[in-house]
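*Asks:* One structure coming up, written as structure tokens, with questions to follow.
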Amino acid sequence: MKKKIGVYICHCGNNISDYVDVEKVKDIIAAEDGVAIAKTTMFACADSAQNEIIQDIQDNNLDGLVIASCSPKLHLFTFRNVAERAGLNPYNYVQANIREQTSWAHSDNPKGATEKAIQLVKAALAKVKHSEALALQKIPAVNTVLVIGAGVAGMRSAIELADMGSKVHLIERTHFVGGRTSQWSKLFTTSETGEEIVSRLYYSVLEHDNITLYMGTEVVSNSGSVGNFEVELKKTPRYIDPDCKIEDDTEFENKLQKAIDICPVEVIDEFNFGLTKRKAIYKNFKSEFPECPAIDAANCTKCGDCEKVCDGIKLDQKEEYTTIKVGAIQLCTGFDPYEPKDGEFGYNEIDNVITLQQFKRLIELCPDKLIHKDKEIRNIAYIYCVGSRQVDGDNKYCSRYCCTSAIFTAIHVKDKYKNINNFHLNRGIRTYGKQEILYHQSSSQGDIYLQSFADSPPVVGKNGNTTSIIINDILTADKEIEVEADLVVLVTGMIPRKDNSIGNILKVPYGRDNFFNEIHPKLKPVETVIDGVFISGACQAPLNITETSKSTLSAASKANSLLKSGEIELEPTIAQVKSDICNWCDKCTLACPYDAISKIEHKGKQVAAIIEAKCKGCGMCLPVCPENAIDLIGFSDVEIETMIEALIE
Amino acid sequence: MNNQNLNGAPKILVFSTEKISDPAIDLAGLLKVHYPSTVYTINVPCSSAVKTKWILHAFEKGFDGVFIAADGTDCPYGESCSKLTGEIVSVTHERMKEQNIDPARLKMAAICSVCAEAFAKHVKSFTEYLSKEKNTN
């Protein structure tokens, strides 16, 4: 039993102390048996606080440590390291969660939160008193990573992982790589086009022996855990013979073009955001990868006309299922652009109101003159923050990339066509960092900036053939200004993918913005609460391509460092049999899913024994034992029962 | 009701699981989804590791209710978790009846790692039930 315990109550800035009276918690805990030191600290995780705790442990020969702070999922290992650095066994440290499960959960009830914090710290104290000194156990892990999504984030990550020696399965749900980036033309800051970036990454992926690329493939189920996931994949047929390569065979390419021409099915082209139509057999642009067209199974009527003109088309291809084993999973599933509601700033009601994404595609489709609905465009009005920073809607967040993207596009459009006038109706421009250069350039070339508050947005109206926007411009003392526009561009932000079912399969939590949620935005920015599952890019938050690349490289490094040694260190939480009271009945072996219990002789009787290498520490064998002869290390009867007593005091 | 906490709101002990339901309870805090502050959590690796002995100990010491936030089908340790956890609840219910403890004071529900709202809803309605029971006794 530990008798010299140090207890530290963290303010977490104000995150805890705004709702929990940390001084009161400390004073009450200081009077508990076995407590040698009780202190509050502003940030227990700060270097200075860690050093102070280490000094206290060493100066006072502490034999146990309790830190009451955030969730152990965030800092358990930080503080175990503190204990270890001070010469204390890391398993003689217990963390009380007084942030996620106290101050934040009960921010409506500070008194209740303080009472609960006191009980939780007392329970942690009870547990640490009975804690044992333990060592980590190790299990083999597969150094293979499943990267989901072959956009820039997924391909960049796959290349990095492969370079570091990990095997990579890179899967893409659609039939073409590149994701959203392939839809954009010139990009800030290098002026490289989306197509150029995608093709460069695609060839690197193809050249790498460590990467297997699966097109038209998605995850349908997942089992196992970190180091040893078993993932079932479903591959949708492309309906093109995989042996036919368009780049080597002009005759085949001509036949495919005939098949596209003859296809009777026309559907809205999502690649151009509905500005054009495409056939059921399609390819979005000439250099799209893989270079073969694909047949859209959802819309193809299987009329067979295409097969008659192109023998490389195989409409009898079936879905394929395969199971792969991976040690970690990285989600790079990207975003969807916000689709304005009907009537939102005239969208879908006034014919010359389009989104920024549609506008970018329109520029690509108009080589010489900017034409929309048969009318040449001169005056363009951009309305900012559509679907972002919403006062009444769910999207409270700033999408961050859209100011820069709109301004960059405005500069590009003025550069590409003649006699263009840009009017930017904004709520405050957020071109942070180097992107400020664009704002300056746009202003210098004569773009007009008008600004309004959130509660007084611009109003789009139609008078005969004229579309006008009225704004109360705060930059000219709230003067009402009317802008006549040939085209109104709604600067729409990012929202999470509409089909985010992969999150449910992997059980990755969502944040308040409905993007996938990391454990901590600064301390564990690409990790999720599911061990071995990482997130990166715009599936996590609105990010531009530069930020996406940084995020995805971070996730790749995390996944590789987790798996590269071929084994993962696991908690030494395994079952223990009290041989003296075990009377072999076999119930524990039936409950154990890992065959981790054997029968041995002990003092002239048969008893159960735990095979340590096989035991995963689930504890399923504990409750089935009629003699209560099994305990789980770290969760013994005495630890749990004294915690219960402390909580109810 | 024996040894029940008769002052203030009912006290509920939650057995959560480290990888599945405890993250959901953390998420409830992160999202500021409020629930009664008299709900206390002890986490274990898997819900099928909760001993009947611990549950009865909680009642004996004064907890009004025990809620097992089970892994359900998401259990990383295997498919048998749901069945085994269900059996623990059945066995414990029998033992509670023997000791004249209302079996409804032990509840179980599958709480996945994103079930923050569901968790809060469960413990709120459980608190309401236990409050009514306290007032009628």
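*Asks:* Do the conditions hold for B:ILE25, that is, is it in a helix (DSSP H, G or I) and either within 24 Å of A:GLU571 (Cβ to Cβ) or open to solvent by 30 Å² or more (accessible area, probe 1.4 Å) (or both)? Step through it out loud before you land on a result.
*Replies:* Values: in a helix (DSSP H, G or I): yes; either within 24 Å of A:GLU571 (Cβ to Cβ) or open to solvent by 30 Å² or more (accessible area, probe 1.4 Å) (or both): yes.
Yes, satisfied.
*Asks:* Looking only at strands (runs of 3 or more DSSP E) that lie completely in region A:412-530, which have at least 3 residues being open to solvent by less than 80 Å² (accessible area, probe 1.4 Å)?
*Replies:* Numbers: elements: A:421-426, A:448-451, A:459-463, A:466-473, A:479-485, A:487-492, A:494-496.
Passing ranges, in order: A:421-426, A:448-451, A:466-473, A:479-485, A:487-492, A:494-496.
*Asks:* Considering A:LEU331, A:LEU315, which residue is in contact with a helix residue (DSSP H, G or I) (Cβ under 9 Å, 6 or more places away or on another chain), under 30 Å from A:GLY227 (Cα atoms) and either in contact (Cβ under 8 Å) with a residue 24 or more places away in the chain or crowded, with 17+ Cβ neighbours inside 10 Å (or both)? Steps first, please.
*Replies:* Details: A:LEU315 fails: under 30 Å from A:GLY227 (Cα atoms).
None of the others qualify; the one that does is A:LEU331.
*Asks:* Give A:ILE568, A:ILE581 a once-over and let me know the one that is more than 30 Å from A:TYR397 (Cα to Cα), touching a helix residue (DSSP H, G or I) at 6+ places or on another chain (Cβ under 8 Å) and not in a helix (DSSP H, G or I).
*Replies:* Numbers: A:ILE581 fails: touching a helix residue (DSSP H, G or I) at 6+ places or on another chain (Cβ under 8 Å).
Of A:ILE568, A:ILE581, the one residue that is more than 30 Å from A:TYR397 (Cα to Cα), touching a helix residue (DSSP H, G or I) at 6+ places or on another chain (Cβ under 8 Å) and not in a helix (DSSP H, G or I) is A:ILE568.
*Asks:* Do you know which of the residues in region A:244-266 that are under 13 Å from A:ARG278 (Cβ atoms) and part of a helix (DSSP H, G or I) is least open to solvent (accessible area, probe 1.4 Å)?
*Replies:* Across region A:244-266, the extreme among qualifying residues is A:ILE260.
*Asks:* From the residues in region B:61-91 that are assigned to a loop (DSSP other than H, G, I, E, B) and either touching a strand residue (DSSP E or B) at 6+ places or on another chain (Cβ under 6 Å) or free of Cβ contacts under 8 Å to residues at least 40 places away in the same chain (or both), which one is nearest to B:VAL14 (Cα to Cα)? Please lay out each step first, then the result.
*Replies:* Of all residues in region B:61-91, those assigned to a loop (DSSP other than H, G, I, E, B) come to B:62-64, B:71, B:75-79.
So of that shortlist, the ones also either touching a strand residue (DSSP E or B) at 6+ places or on another chain (Cβ under 6 Å) or free of Cβ contacts under 8 Å to residues at least 40 places away in the same chain (or both) come out as B:63, B:71, B:76-79.
Details: B:PHE63: 10, B:ASP71: 13, B:PRO76: 20, B:TYR77: 20, B:GLY78: 22, B:GLU79: 22 Å.
Here the residue is B:PHE63.
*Asks:* Now for a different question. Which strands (runs of 3 or more DSSP E) does region A:61-174 wholly contain that include 1 or more residues that are at pLDDT 95 or above? I'd like the intermediate steps shown before the answer.
*Replies:* Values: elements: A:64-69, A:93-97, A:137-140, A:144-148, A:167-172.
Strands (runs of 3 or more DSSP E) meeting the threshold: A:64-69, A:93-97, A:144-148, A:167-172.
*Asks:* To continue, here is another question. Scan (1) of a type in the set (D, E, K, R); (2) open to solvent by 20 Å² or more (accessible area, probe 1.4 Å); (3) more than 14 Å from the chain's Cα centre (by Cα); (4) facing chain A (nearest Cβ under 10 Å) for the single condition B:LYS97 breaks and write down its number.
*Replies:* (4)
*Asks:* On the basis of being surrounded by fewer than 24 Cβ atoms within 10 Å (Cβ to Cβ), within 14 Å of chain B (Cβ to nearest Cβ) and over 22 Å from the mean Cα position of the chain (by Cα), does A:ASP163 make the cut? I'd like the intermediate steps shown before the answer.
*Replies:* Working: surrounded by fewer than 24 Cβ atoms within 10 Å (Cβ to Cβ): yes; within 14 Å of chain B (Cβ to nearest Cβ): no; over 22 Å from the mean Cα position of the chain (by Cα): yes.
No, not satisfied.
Results for (1) assigned by TED's automatic domain parsing to the domain that holds A:VAL177; (2) in contact with a Ser or Thr (Cβ under 9 Å, 6 or more places away or on another chain), shown as yes or no for each residue.
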residue	(1), (2)
A:VAL231	yes, yes
A:PHE252	no, no
A:GLU266	no, no
A:ALA280	no, yes
A:GLU288	no, yes
A:CYS310	no, no
A:ILE324	yes, yes
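*Asks:* Only residues that are within 24 Å of A:THR114 (Cα to Cα), among the aliphatic types (A, V, I, L, M) and more than 7 Å from every other protein chain (Cβ to nearest Cβ): list them for region B:37-56, please.
*Replies:* B:VAL39
*Asks:* Related question: Does region A:592-617 hold any residues that are of a type outside the set (Val, Ile, Thr) and open to solvent by less than 60 Å² (accessible area, probe 1.4 Å), and which are they?
*Replies:* Residues of region A:592-617 of a type outside the set (Val, Ile, Thr): A:592-596, A:598-599, A:601-606, A:608-609, A:612-617.
Passing the criteria: A:CYS592, A:PRO593, A:TYR594, A:ALA596, A:SER598, A:HIS602, A:LYS605, A:ALA608, A:ALA609, A:CYS615, A:GLY617.
*Asks:* Filter region B:9-19 for residues that are open to solvent by 10 Å² or more (accessible area, probe 1.4 Å) and facing chain A (nearest Cβ under 8 Å) and give the result. It would help to see each step written out before you state the result.
*Replies:* To start, the set of residues in region B:9-19 that are open to solvent by 10 Å² or more (accessible area, probe 1.4 Å) comprises B:9, B:11, B:18-19.
If the condition is that a residue be open to solvent by 10 Å² or more (accessible area, probe 1.4 Å) and facing chain A (nearest Cβ under 8 Å), then B:LYS11, B:LYS19 are the ones that fit.
*Asks:* On to the next question. Can you work out which of the residues in region A:90-108 that are touching a residue at least 60 places away in the same chain (Cβ under 8 Å) and within 14 Å of chain B (Cβ to nearest Cβ) is nearest to B:HIS34 (Cα to Cα)? Break it down into steps so the answer makes sense when it comes.
*Replies:* First, the residues of region A:90-108 that are touching a residue at least 60 places away in the same chain (Cβ under 8 Å): A:91-92, A:98-99, A:102-104, A:106-107.
From what's left, within 14 Å of chain B (Cβ to nearest Cβ): A:98-99, A:102-104, A:106-107.
Working: A:ILE98: 14, A:ARG99: 13, A:THR102: 10, A:SER103: 10, A:TRP104: 8, A:HIS106: 6, A:SER107: 8 Å.
Result: A:HIS106.
*Asks:* Shifting gears a bit: Filter region B:23-36 down to residues that are more than 7 Å from chain A (Cβ to nearest Cβ) and modelled with pLDDT of 95 or more and give me whichever is nearest to A:ALA123 (Cα to Cα). Full working, then the answer.
*Replies:* Filtering region B:23-36 down to residues more than 7 Å from chain A (Cβ to nearest Cβ) leaves B:24, B:33, B:36.
So of that shortlist, the ones also modelled with pLDDT of 95 or more come out as B:33, B:36.
Values: B:VAL33: 24, B:PRO36: 19 Å.
For region B:23-36, the residue satisfying everything is B:PRO36.
*Asks:* How many residues, within region A:118-130, are open to solvent by 10 Å² or more (accessible area, probe 1.4 Å) and more than 10 Å from every other protein chain (Cβ to nearest Cβ)? Give the steps one after another, and end with the answer.
*Replies:* Of all residues in region A:118-130, those open to solvent by 10 Å² or more (accessible area, probe 1.4 Å) come to A:119-120, A:122, A:126-127, A:129-130.
Filter once more, keeping what is more than 10 Å from every other protein chain (Cβ to nearest Cβ): A:122, A:126, A:129-130.
Qualifying residue count, region A:118-130: 4.
*Asks:* Listed residues A:GLY64, A:GLY87; which is open to solvent by 10 Å² or more (accessible area, probe 1.4 Å), small (Gly, Ala, Ser) and in contact (Cβ under 8 Å) with a residue 24 or more places away in the chain? I'd like the intermediate steps shown before the answer.
*Replies:* Details: A:GLY64 fails: open to solvent by 10 Å² or more (accessible area, probe 1.4 Å).
None of the other options fit; the residue is A:GLY87.
*Asks:* I'm trying to understand the selection: among the residues of region A:618-644, which are surrounded by fewer than 23 Cβ atoms within 10 Å (Cβ to Cβ) and closer than 17 Å to A:GLN137 by Cα?
*Replies:* A:ILE633, A:GLY634
*Asks:* Please state which one of A:ALA105, A:ALA83, A:ALA117 is under 24 Å from the mean Cα position of the chain (by Cα) and of a type outside the set (Lys, Arg). I'd like the intermediate steps shown before the answer.
*Replies:* Values: A:ALA83 fails: under 24 Å from the mean Cα position of the chain (by Cα); A:ALA117 fails: under 24 Å from the mean Cα position of the chain (by Cα).
Exactly one of A:ALA105, A:ALA83, A:ALA117 is under 24 Å from the mean Cα position of the chain (by Cα) and of a type outside the set (Lys, Arg), namely A:ALA105.
*Asks:* Condition (residue is assigned to a strand (DSSP E or B), touching a Lys or Arg at 6+ places or on another chain (Cβ under 6 Å) and under 17 Å from A:VAL168 (Cβ atoms)) applied to region A:186-197: is it met by at least one residue?
*Replies:* No: zero hits.
*Asks:* Could you please let me know if A:ASN544 is more than 11 Å from chain B (Cβ to nearest Cβ), open to solvent by 70 Å² or more (accessible area, probe 1.4 Å) and either over 24 Å from A:SER225 (Cα atoms) or in contact with a strand residue (DSSP E or B) (Cβ under 6 Å, 6 or more places away or on another chain) (or both)?
*Replies:* Values: more than 11 Å from chain B (Cβ to nearest Cβ): yes; open to solvent by 70 Å² or more (accessible area, probe 1.4 Å): no; either over 24 Å from A:SER225 (Cα atoms) or in contact with a strand residue (DSSP E or B) (Cβ under 6 Å, 6 or more places away or on another chain) (or both): yes.
For A:ASN544, the condition - more than 11 Å from chain B (Cβ to nearest Cβ), open to solvent by 70 Å² or more (accessible area, probe 1.4 Å) and either over 24 Å from A:SER225 (Cα atoms) or in contact with a strand residue (DSSP E or B) (Cβ under 6 Å, 6 or more places away or on another chain) (or both) - is not met.
The values are calculated or read from the model by the stated rules, or taken from the named source; none is laboratory data. Here the structure is a predicted model, which means the values were calculated and not measured. Note that each Cβ is placed from the backbone with ideal geometry, even for glycine, and that neighbours are counted across all protein chains shown. Side chains are part of the model used for accessible areas, which takes the heavy atoms of the whole protein and leaves out ligands, DNA and RNA. Shrake-Rupley method; radii C 1.70, N 1.55, O 1.52, S 1.80 Å.
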